[in-house]
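Following: one structure in structure tokens, then a few remarks.
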Amino acid sequence: MTAALAEAPSAQATAEARAAVRARVEAAGTSFYWAMRLLPEARRDAMFAVYVFCREVDDIVDGGGTPQAKRRHLGAWRAEIDAVYAGKPTTVAGRALLTAVHDFGLRREDFMAVIDGMEMDADQDIRAPGMAELDLYCDRVASAVGRLSVRAFGVATEAADRVAHSLGRALQLTNILRDLAEDGARGRLYLPRELLDSVGIAASDPESVLRHPSLPLACEALAEIAARHFADARAAMAECPRKPMRPAAVMGAVYRATLRRLRQRGWQALDQEVRVPKPVKLWLAFRYGLL
């Protein structure tokens, strides 16, 4: 037993934390749940703990409060991640993460990168960031989660990290395109400055940009970047062992389907919700998870 685990929570406390985290993910009704069901129980519980950590820090940013208060709460999560690696977590999610960190080699710097990304949102509403800033944001809030995930899956290779790099960006850009209206209502606009400039949109405030007649051109350009990331992720995934990477394949398939539907809907009726129907999700889970 390592020194870090010598003062770890009791087996009962750890089991209760894992059960609580599992229940929270089940209640969320996310497609993530079905993809992670393909994993063996211990790895699935590790991914559920990572998911809940991500929800916790994301909720801090999306909730009310001043930037200072949000930074303070995110700082508490930095302290909790440090406590996890010291073997002394204080939260339910932290206790659930403890076993995952120990058993699957999840890296502290990836957790901290996620918090770094949340702080980018917490400090001020992001509006028309430069492409480099957007890419950094995607790396922190999505690809870092991918780097945690592939280790929980059991594939800690350079090719797996390339899957995380590309698939994380593809998923996050798809989310950005799906949530344009919702983010705009919150005062946020993640479309990059370079793409807006290229189609003659000089504004940065969400209301003006989302009403601009050239908006579809900028959205389609970002959709093409997302599609290239999906293609790069599939190429990298071909270099990984297939079975442990099945959840990533399923998530990629569901989000590719989402991106296709967004492009089919177009970029003018942004309030028209785009979802992948449950039967299609189940088919994609069967095709990419079992075949």
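Checked against (1) of a type in the set (A, V, I, L, M, F, W, C); (2) surrounded by fewer than 24 Cβ atoms within 10 Å (Cβ to Cβ); (3) not assigned by TED's automatic domain parsing to the domain that holds Ala17, Val92 meets all criteria but (3).
Within the stretch 102-123, the set of residues being assigned to a helix (DSSP H, G or I), modelled with pLDDT of 95 or more and over 21 Å from Leu195 (Cβ atoms) comprises Phe104, Arg108, Glu109, Asp110, Phe111, Met112, Ala113, Val114, Ile115, Asp116, Met118, Glu119.
Quick check on my filter: what residues within the stretch 50-94 are basic (Lys, Arg) and not in a helix (DSSP H, G or I)? Walk me through it before giving the result.
From the stretch 50-94, those basic (Lys, Arg) are 55, 70-72, 78, 88; that's our starting set.
Residue satisfying the conditions is Lys88 alone.
Checked against (1) under 23 Å from Thr66 (Cα atoms); (2) free of Cβ contacts under 8 Å to residues at least 40 places away in the same chain, Gly168 meets all criteria but (1).
Pick from Ile225, Ile201: which is of a type in the set (Val, Ile, Thr), outside the structural domain of Ala42 (by TED's automatic domain parsing) and surrounded by 20 or more Cβ atoms within 10 Å (Cβ to Cβ)?
Values: Ile225 fails: surrounded by 20 or more Cβ atoms within 10 Å (Cβ to Cβ).
After ruling out the rest, the residue left standing is Ile201.
Please find, within the stretch 172-190, the residue that is farthest from the chain's Cα centre (by Cα) out of those that are within 14 Å of Pro129 (Cβ to Cβ) and in contact (Cβ under 8 Å) with a residue 40 or more places away in the chain. Can you show your working first?
The initial filter retains those residues of the stretch 172-190 that are within 14 Å of Pro129 (Cβ to Cβ), namely 172-173, 176, 183, 187-190.
Those still in the list that are in contact (Cβ under 8 Å) with a residue 40 or more places away in the chain too: 173, 176, 187-190.
Details: Leu173: 11, Ile176: 12, Gly187: 21, Arg188: 18, Leu189: 18, Tyr190: 15 Å.
So the residue we want is Gly187.
Of the residues making up the stretch 208-227, none is within 21 Å of Phe111 (Cβ to Cβ), polar (S, T, N, Q), modelled with pLDDT of 95 or more and outside any loop (DSSP other than H, G, I, E, B). Close contacts from the stretch 1-29, counting a first residue that is closer than 11 Å to Phe48 by Cβ and a second that is modelled with pLDDT of 80 or more and not aliphatic (A, V, I, L, M), with Cβ to Cβ under 6 Å and a gap of 6+ residues or different chains, come to Ala17/Arg95; Arg18/Asp45; Val21/Phe48; Arg22/Phe48; Val25/Phe48; Val25/Tyr51.
Of the residues in the stretch 124-157, how many are within 24 Å of Gly65 (Cα to Cα), of a type in the set (A, V, I, L, M, F, W, C) and not in a helix (DSSP H, G or I)? Summing the residues that are within 24 Å of Gly65 (Cα to Cα), of a type in the set (A, V, I, L, M, F, W, C) and not in a helix (DSSP H, G or I) in the stretch 124-157 gives 2. Of the residues that make up the stretch 261-279, is at least one on the phi > 0 side of the Ramachandran plot and either part of a loop (DSSP other than H, G, I, E, B) or in contact with a strand residue (DSSP E or B) (Cβ under 9 Å, 6 or more places away or on another chain) (or both)? Within the stretch 261-279, one or more residues are on the phi > 0 side of the Ramachandran plot and either part of a loop (DSSP other than H, G, I, E, B) or in contact with a strand residue (DSSP E or B) (Cβ under 9 Å, 6 or more places away or on another chain) (or both). Filtering Asp62, Asp45 for residues that are surrounded by fewer than 18 Cβ atoms within 10 Å (Cβ to Cβ) and within 29 Å of Val254 (Cβ to Cβ) leaves a single hit, Asp62. Total residues in the stretch 1-23 satisfying the condition of being at pLDDT 75 or above, crowded, with 18+ Cβ neighbours inside 10 Å and either charged (D, E, K, R) or touching a Lys or Arg at 6+ places or on another chain (Cβ under 6 Å) (or both): the figure is 3.
The values are calculated or read from the model by the stated rules, or taken from the named source; none is laboratory data. These figures come from a predicted structure and were not determined experimentally. All Cβ positions, glycine included, derive from the backbone under ideal geometry; neighbour counts span all protein chains shown.
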